[in-house]
1. Considering only residues of the range 139-172 that are of a type in the set (Asp, Glu) and either free of Cβ contacts under 8 Å to residues at least 40 places away in the same chain or part of a loop (DSSP other than H, G, I, E, B) (or both), which is nearest to Lys48 (Cα to Cα)?
2. In the range 18-35, is there at least one residue being at pLDDT 50 or above and among the aliphatic types (A, V, I, L, M)?
3. Being modelled with pLDDT of 95 or more and in contact with a Ser or Thr (Cβ under 6 Å, 6 or more places away or on another chain): is that true of Ala119 here?
4. Tell me which residues, restricted to the range 95-111, are within 15 Å of the chain's Cα centre (by Cα) and of a type outside the set (A, V, I, L, M).
5. How many of the residues in the range 173-199 are touching a Pro at 6+ places or on another chain (Cβ under 9 Å), assigned to a loop (DSSP other than H, G, I, E, B) and within 26 Å of Glu89 (Cα to Cα)?
6. Regarding the range 59-69, can at least one residue be identified that is part of a loop (DSSP other than H, G, I, E, B), in contact with a strand residue (DSSP E or B) (Cβ under 8 Å, 6 or more places away or on another chain) and touching a residue at least 40 places away in the same chain (Cβ under 8 Å)?
7. Which condition number does Glu125 fail, the rest of (1) acidic (Asp, Glu); (2) free of Cβ contacts under 8 Å to residues at least 24 places away in the same chain; (3) under 13 Å from His58 (Cβ atoms) being met?
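The values are calculated or read from the model by the stated rules, or taken from the named source; none is laboratory data. No experiment lies behind these values; they were computed from the predicted model shown. Here the Cβ positions follow ideal geometry from the backbone for every residue, glycine too, while neighbour counts run over all protein chains shown.
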Amino acid sequence: MIYVRKCLPLSNVHAKGLLLATAFAVIAAVTPGIAAEKSPAELIEIMKNGGNVIFVRHATTQKDYADQINAKMGDCSTQRTLSEAGWKEAKALGASFKALEIPVDKVVSSEYCRAWQTADLAFGEYTKNGDLNFEPAEKYSKEQTAAMKKRMTPHLSTKPKDGANTVLVGHDDPFEAATGIYPDPMGVTFVLEPKGDGTFNVLGSIKPDQWPSG
């Protein structure tokens, strides 16, 4: 477990941001596969050059609860679905990729409705893959966490087509199982450098409100 000493008062946004940045730096210093976090502007330039895996946590949903316990694939009535705000987030993400000319080779979504809805609204074309799904539990056993990590890691570490990026649209728990990082908030984008040998570097993240406007 990693501990970050609380040295600053958290009475303002600046102090909170500094503490979070310090925490990420400490994790990056001691955890293999996690690089020092780059800024959104740097990440955009990296994505424009291709060669990355881009993980997108699905956009905002109407409710937030562990629907994986009873969810039935193919039946959106048993699952969380996107809110109106989530629809807007997904469309805005796709518009940003297009405006910034970020090249995409393929888009892979989990089988959950909120994930493929995000993929469809943002990118138009996608394929579903159960490897990105949850284990059917709210509190995972070590075996279930290991299973999610085993399924996710190949997708995060496989190099895409030259000059393009692979986009994965998925969920918080499987991503955390594979990387040790909880992807927050909904709609956040992570950029990873795949090594092609079962390993990868996490370069940083862009929240929905951090994409350039206009």
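1. Among them, the one singled out is Asp162.
2. Within the range 18-35, one or more residues are at pLDDT 50 or above and among the aliphatic types (A, V, I, L, M).
3. In short, yes.
4. Those that are within 15 Å of the chain's Cα centre (by Cα) and of a type outside the set (A, V, I, L, M): Ser109, Ser110.
5. 4
6. yes
7. It fails just one condition, (3).
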